[in-house]
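The values are calculated or read from the model by the stated rules, or taken from the named source; none is laboratory data. None of the values given here were measured: they were computed from a predicted structure. Here the Cβ is made from the backbone with ideal geometry for all residues, glycine too, and neighbour counts use every protein chain on show.
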Amino acid sequence: MQRLLVTGGAGFIGSHLVDALVDAGHEIIVLDDLSVGKRHNFAHHLGNARFQFVEGSVLDARLVGELIAQVDAIYHLAAVVGVKYIVDNPVRGMRVNIRGTENVLEAAQRTGAKVLVASSSEVYGKSTQVPFREEDNALLGATSVPRWSYALSKMLDEHLAFAYTRQTGLPTVAVRYFNAYGPRLDPKGYGSVIARFMTQALCGQPLSVYGDGLQTRSFTCVEDTVRGTIAAMMSDRGVGQAFNIGYPMEVTIVALADLVRDAVGTGVDVTYIPYERAFGTDFEEARRRCPDVSRARALLGFEASVSLSDGLPATVQWFKEHRDELNSA
Ligand SMILES: NC(=O)c1ccc[n+]([C@@H]2O[C@H](COP(=O)([O-])OP(=O)(O)OC[C@H]3O[C@@H](n4cnc5c(N)ncnc54)[C@H](O)[C@@H]3O)[C@@H](O)[C@H]2O)c1
């Protein structure tokens, strides 16, 4: 049994991670400012002596230090998440994602507690070297295009973590998530296309596809995302490295629209929305996203196993049960 801090533990991935860690018998402290995360994501653990929720910010260095002094390891997931949010709130996004991570690493260095940093497939930027390997070059756009600041903040988080490992010996590891989906996916959250399609499909509205819909993504069931995250934390072989955590199947957004329509059982139309209308005139898209998963397989013994068609039904079920909230979203 370990004492673990999960920052961002009230959020989508964080709350599933907390479920798995509590189930495994660990003691968990969640730090979340509830800016996006929700109490009902962890309400089922309240009353469990092995679970504690602290409402606060990773920007509060004193609080972060106090909590880290009590734990063996930190899963650092708290962040302003997603390109759309960062484009709308660029200063907050950069501040939380960079200063927050630095606060965590600085406090962890005082105790030697291992830190896992949640990074993103966004760090590969516009790279066309698909599938993406962790050691490949990244290709980010110009600093005048706000969209890239999210990728850059996550890349800087990785650099910060690995700098602490190299210079101070602090054990760190980074996980690069590829589009997680599953129950508790927040339609108002990081801008998941699955959340948008499900909400629209269940409300009988056309599915809005940005651009030509032929861009690809790799969608990962949150169960797999969580398993990969825990594997990265538990392994000593991953220290000072980044790991792709994703299901290695490339799916175009139009194909995803079909899969969602099938899973929901609806015949709603698709409408195409130019990127400029969705994100502003200076938007640049990432055309393809697919992870090479050989490093995680070799060093962590981890491989995602849930295909989209197997993972979507539970997500549809959850969206159906929360239809009322979706209608007001
Ligand atoms: N969901 C994905 O597919 C995906 C893909 C790539 C990377 N990630 C990364 O995974 C992590 C979790 O993402 P998620 O999808 O669960 O998003 P989420 O928004 O549901 O979770 C992030 C959590 O951080 C909290 N938070 C935000 N600012 C905070 C602050 N200053 N102090 C404390 N808590 C704060 C939010 O309230 C939220 O609960 C993030 O670091 C994100 O960048 C997610």
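So here's what we get for this one:
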item: Scope the stretch 183-219; condition among the small types (G, A, S), closer than 18 Å to D269 by Cβ and not in a strand (DSSP E or B); matching residues; result: A201, G204, G211, G213
item: Q167, sole failed condition from (1) in the same structural domain as V87 (by TED's automatic domain parsing); (2) within 16 Å of the ligand (Cβ to nearest atom); result: (2)
item: Test: residue in the stretch 148-168 that is touching a Leu at 6+ places or on another chain (Cβ under 8 Å) and in a loop (DSSP other than H, G, I, E, B); result: no
item: Count of the stretch 22-36 residues which are crowded, with 20+ Cβ neighbours inside 10 Å and within 21 Å of M94 (Cα to Cα); result: 3
item: From A231, A180, residue being more than 21 Å from P313 (Cα to Cα), touching a residue at least 60 places away in the same chain (Cβ under 8 Å) and among the small types (G, A, S); result: A231
item: All positions within the stretch 4-41 that are farther than 21 Å from V175 by Cβ and either in contact with a strand residue (DSSP E or B) (Cβ under 7 Å, 6 or more places away or on another chain) or part of a loop (DSSP other than H, G, I, E, B) (or both); result: G25, E27, D33, L34, S35, K38
item: Hits in the stretch 37-57 (condition: buried (at least 17 other Cβ atoms within 10 Å of the Cβ), more than 9 Å from the ligand (Cβ to nearest atom) and of a type in the set (S, T, N, Q)); result: Q52
item: Every residue from the stretch 58-101 that is assigned to a loop (DSSP other than H, G, I, E, B) and either crowded, with 18+ Cβ neighbours inside 10 Å or away from the ligand (no atom under 11 Å from the Cβ) (or both); result: V58, A69, Q70, V71, D72, L77, A78, A79, V80, V81, G82
item: Any hit, the stretch 116-131, residues being more than 13 Å from the ligand (Cβ to nearest atom), surrounded by 21 or more Cβ atoms within 10 Å (Cβ to Cβ) and not in a loop (DSSP other than H, G, I, E, B); result: no
